[in-house]
Structure formats: C-alpha cells, structure tokens
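Engineer: Please see the structure below; I have some questions.
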Amino acid sequence: QVQLVESGGGLVQAGGSLRLSCAASRSISNINSMGWYRQAPGKQRELVANIWSGGSSTYADSVKGRFTISRDNAKNTVSLQMNSLKFEDTAVYYCRAVHLGSFYWGQGTQVTVSS
C-alpha cells in the first residue's frame, strides 16, 4: 500500500509559477513509476509528467519546456515545478504511483491560473 498526499496547489496569474509536491507514506526508492496527472472540468484525466526510478522522465507535449518533474528518494517525495503557467493549465493535479502492478492515487490539489 502507498498513500500519496499532494500539496502546493493554489491560485496564480498566467505566467507565474507553482511547485507541487507529492509525499508518499513509504519509501519510493523501489517504486518504479511516479507521475503527475491532471483533470480539468469536463475533460478526461491526462498525463502531465512521469518519472521512473532510473531518473528518466516523460512529459505531455503541452507542458514540455515549462514543467519539470523530479523525485527525492531520501524524502519520499515527487515534485512538479510548473513555470510559465497558462490558463489552460487550470485543473486538479493528481500524483500517481505504480508499484508491483497496482496503481495508487493521491486526493488531488487544485491549480487555478487566472488569465
């Protein structure tokens, strides 16, 4: 079992920055895949960024060059640095872990970008 708790969401003006954090209830050093997803009103949940235990990462095209995902195995956290935020980045952001074939989700944190 892995419990995930997101933090760092809020209201920001377009062009601003936010840093989201996801704290895990256990060591993440052997959790192969951790990522951030988002869901805007009326839309499906979509991948934002994912990072693997070896350090490789992938990003949605819409956030490439603006968002950076990182993991700190010592602190059991995964972070998402979001720069140059746009109105269309407004959504609830969820942390997800994939461990031994099971999927674990956090409760989400709201990010609202004002235009």
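Engineer: Compute the signed sum of charges (Lys and Arg +1, Asp and Glu -1) over the other residues within less than 13 Å, Cβ to Cβ, of residue 105.
Structural biologist: Net charge in that neighbourhood comes out at +2.
Engineer: Continuing with the same structure: Which of these, 44, 13, 81, has the largest mean-square fluctuation under a Gaussian network model of the chain (Cα springs below 10 Å)?
Structural biologist: Residue with maximal mean-square fluctuation among 44, 13, 81: 44.
Engineer: Output ³J(HN,Hα) for segment 53-67: one whole-Hz value per residue in order, computed from phi by the Karplus curve 6.51 cos²θ - 1.76 cosθ + 1.60 with θ = phi - 60°, and x for Gly and Pro.
Structural biologist: 4, x, x, 6, 9, 9, 9, 5, 4, 5, 10, 4, x, 10, 10
Engineer: I'd like the distance separating the alpha-carbon centroids of segment 65-81 and segment 10-28, in whole Å.
Structural biologist: Cα centres, segment 65-81 to segment 10-28: 9 Å.
Engineer: As an exercise, identify the trypsin sites (Lys or Arg not before Pro) in segment 1-75 lying in DSSP coil whose Cβ has no more than 12 other Cβ atoms within 10 Å.
Structural biologist: Within segment 1-75, the qualifying trypsin sites (Lys or Arg not before Pro) (loop, at most 12 other Cβ atoms within 10 Å) are 43, 64, 75.
Engineer: Give me the lysines in straight-line cross-link reach of residue 64: C-alpha distance below 25 Å, same-chain residues under 8 apart excluded.
Structural biologist: Reachable lysines: 43, 86.
Engineer: What is the local net charge at residue 39, summed over the other residues whose Cβ is closer than 15 Å to its Cβ (Lys, Arg +1; Asp, Glu -1)?
Structural biologist: Charge balance in the 15 Å sphere: 0.
Engineer: Treating only the Cβ of Lys, Arg, Asp and Glu as charged (+1, +1, -1, -1), what charge dipole size does the chain show about its Cα centre? Round to the nearest 20 debye.
Structural biologist: Here the size comes out at about 80 debye.
Engineer: Over the chain, what is the percentage of antiparallel beta bridges among all DSSP beta bridges, to the nearest 5?
Structural biologist: 90 percent
Engineer: Probe radius 1.4 Å, ligands and nucleic acids ignored: give me the carbon and sulfur share of the accessible area of the chain as a rounded percent.
Structural biologist: Ligands and nucleic acids excluded, carbon and sulfur give 49 percent.
The values are calculated or read from the model by the stated rules, or taken from the named source; none is laboratory data. Since the structure is predicted, the reported quantities are computational estimates derived from the model, not experimental observations. Here Cβ is always computed from backbone atoms with ideal geometry, including for glycine, and neighbour counts include all displayed protein chains. Accessible surface is based on the protein model in full, side chains and every heavy atom, while ligands, DNA and RNA are left aside. Shrake-Rupley method; radii C 1.70, N 1.55, O 1.52, S 1.80 Å.
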